[in-house]
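One structure is given here, and the rest of the page talks about it.
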Amino acid sequence: MRFVSWNVNGIRAVLKKNFLEVFDAFDADIFAIQETKCQVGQVELDLPGYHQYWSAAEKKGYSGTAVFTREEPLRVLHGLGNEYLDAEGRIVACEFPQFWFVNVYTPNSQMELARIDHRMEWDDAFRDFCKGLEAGVLPDGSASDPKPVVMCGDFNVAHEEIDLKNPGPNRGASGFSDEERGKFTELVDAGFPVIEVGSFMHPKKVPQMADTDDLFKALVNEFPGVEFRALIPNLRGVQRAADCGCKKVKLNVSASREHNLKNLNMTPEESVAGFADCVKAAAEHGIEVSGSISMPFGSPWDGRIPQSEIDSIIDAYLDVGITEISLSDTSGMGVPNQVYEMCSHVHTKFPTVSWWLHFHNTRGVAMANIMAAMEAGMTRFDTSFGGLGGCPFVPGAAGNISSEDVIHMCDESGITTGIDVRKVMAISRKVQTILGHTTDSYLLRAGCSSDLLQTVK
């Protein structure tokens with residue numbers, strides 16, 4: 001596909017020159033323009049074979065963006081979901097079957113950085129917007145399919161010194177301030193959009209999670225572009241989440257009666273009955289809620305769990321408005337054919353649900369299970385640095401499959417994740433140093449496949 005991006009600095013002016021000739025010559029699949037400086041309807045372009053989507057500023061003759069595309073998008077967004085930031089027509093985002101295409105005209109910080117605070121707010125919101133689309137979350141909080149994001153436009157920043165002819169005299173000026181360059185670095189380096197930090201469990205029940213509150217307080221304001229979330233067992237968990245600034249929590253119930261009793265001190269039915277109160281309390285604190293089902297693929301106490309019991313838990317989540325649900329193989333008993341069948345079933349029966357898969361690598365089949373889930377249409381998976389984790393109530397339980405192993409598999413398979421595997425490996429090595437022992441990571445033992453390639457001399 002051919003993409004073209006052009007800051008036209010006034011579409012009406014450039015139309016008097018050679019815009020249409022240039023447009024035809026590029027023969028683009030998607031053609032994006034910025035700084036149109038016109039209201040919707042002020043310009044009528046005859047572009048046979050193209051769909052046109054315009055965003056205009058409330059202020060006449062100012063800002064504005066447009067996208068012209070041969071393929072009709074599945075949906076089009078004209079803002080970040082922030083009324084204040086969306087008054088200047090700076091976004092056109094088009095969803096296609098395989099990706100999002102985002103055209104942006106970033107606000108200029110102006111002379112003497114008079115508008116730098118607005119620019120910083122915009123940069124944070126835009127980064128969160130793009131990472132949300134990548135993760136399958138729309139600006140209004142509703143779920144969509146996670147997809148790669150292709151972004152283009154005028155970002156009004158010179159990121160590195162090489163981007164300017166004379167960087168020295170321009171340091172600190174609009175577009176080359178430390179603040180703007182730093183925010184662009186954050187956009188470029190953004191990797192994991194969602195990180196699960198811990199669980200608001202009773203510290204006597206799960207002592208490994210006793211410091212979750214302190215951890216959240218230290219993180220939530222430090223990394224505004226990342227969605228930090230935690231597991232909650234009950235209403236008390238919601239209150240603890242609110243007290244430490246957590247904005248996303250995950251309710252959890254086990255499909256296994258015995259596991260739920262050990263983990264939450266209640267039956268699965270009792271857990272389900274408490275969903276509504278937890279969701280209501282979370283809403284009062286401005287906290288989003290997702291759901292998780294532990295051991296849907298089997299438990300040490302129950303063996304295989306009937307699909308009908310899992311479906312009833314999903315129905316209970318949907319009844320209280322929860323449409324993001326994780327299937328968590330806590331026991332590590334799932335196998336690929338079973339995973340494929342269950343994922344195909346729930347993907348078809350519950351089309352409004354945004355699914356996550358969570359595989360512990362206890363018996364070494366987590367990667368195969370991920371591939372099976374992908375074949376069934378699933379695209380989002382929990383992992384952990386170095387393969388850390390486990391469950392204190394499951395004998396011999398290993399952690400989640402290691403993040404670096406999954407990312408490397410995706411990289412080698414041509415599947416885009418947006419995550420730098422080398423940076424993840426560095427974090428996992430640091431984790432090993434802190435722990436004082438090796439972890440269940442193949443990549444840390446063997447390196448990337450590309451490391452084995454010999455240079456031909």
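The values are calculated or read from the model by the stated rules, or taken from the named source; none is laboratory data. The structure displayed is predicted, hence computed values, not measured ones. Please note: Cβ atoms are built from the backbone with ideal geometry, for glycine as well, and neighbour counts cover all protein chains shown.
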Assigned to a strand (DSSP E or B) and under 24 Å from the mean Cα position of the chain (by Cα): is that true of Val4 in this structure?
no
Somewhere in region 17-40, is a residue in the same structural domain as Met151 (by TED's automatic domain parsing), surrounded by 14 or more Cβ atoms within 10 Å (Cβ to Cβ) and touching a helix residue (DSSP H, G or I) at 6+ places or on another chain (Cβ under 6 Å)?
yes
I'm told Gly396 meets every condition in (1) modelled with pLDDT of 95 or more; (2) more than 22 Å from the chain's Cα centre (by Cα); (3) not hydrophobic (A, V, I, L, M, F, W, C) except one. Can you identify the failing condition by its number?
(1)
Tell me which residues, restricted to region 370-398, are polar (S, T, N, Q) and assigned to a loop (DSSP other than H, G, I, E, B).
Thr379, Thr383
Residue that is farthest from the chain's Cα centre (by Cα), among those in region 251-286 that are small (Gly, Ala, Ser) and under 19 Å from Gly298 (Cα atoms):
Ser256
If you go through region 1-12 one residue at a time, how many are in contact with a helix residue (DSSP H, G or I) (Cβ under 9 Å, 6 or more places away or on another chain) and closer than 14 Å to Gly64 by Cβ?
3
Sole exception among (1) within 13 Å of Val8 (Cβ to Cβ); (2) exposed (fewer than 13 other Cβ atoms within 10 Å of the Cβ) for Asp46, by number
(1)
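Give the number of residues within region 7-40 that are assigned to a loop (DSSP other than H, G, I, E, B) and closer than 20 Å to Val104 by Cα.
11
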Condition first: within 28 Å of Glu375 (Cα to Cα), assigned to a loop (DSSP other than H, G, I, E, B) and at pLDDT below 85. Now tell me which residues in region 420-457 satisfy that.
Asp420
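Here's the yes/no breakdown for (1) in the same structural domain as Glu404 (by TED's automatic domain parsing); (2) out of contact with any Phe, Trp or Tyr (no Cβ under 6 Å at 6 or more places or on another chain); (3) in a loop (DSSP other than H, G, I, E, B); (4) modelled with pLDDT of 60 or more:
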{"site": "Arg119", "(1), (2), (3), (4)": "no, yes, no, yes"}
{"site": "Gly141", "(1), (2), (3), (4)": "no, yes, yes, yes"}
{"site": "Cys152", "(1), (2), (3), (4)": "no, yes, no, yes"}
{"site": "Asn156", "(1), (2), (3), (4)": "no, yes, yes, yes"}
{"site": "Gly172", "(1), (2), (3), (4)": "no, yes, yes, no"}
{"site": "Ile195", "(1), (2), (3), (4)": "no, no, no, yes"}
Hey, can you tell me all the residues within region 252-294 that are touching a residue at least 12 places away in the same chain (Cβ under 8 Å) and of a type in the set (Val, Ile, Thr)?
Val253, Val272, Val279, Ile287, Val289, Ile293
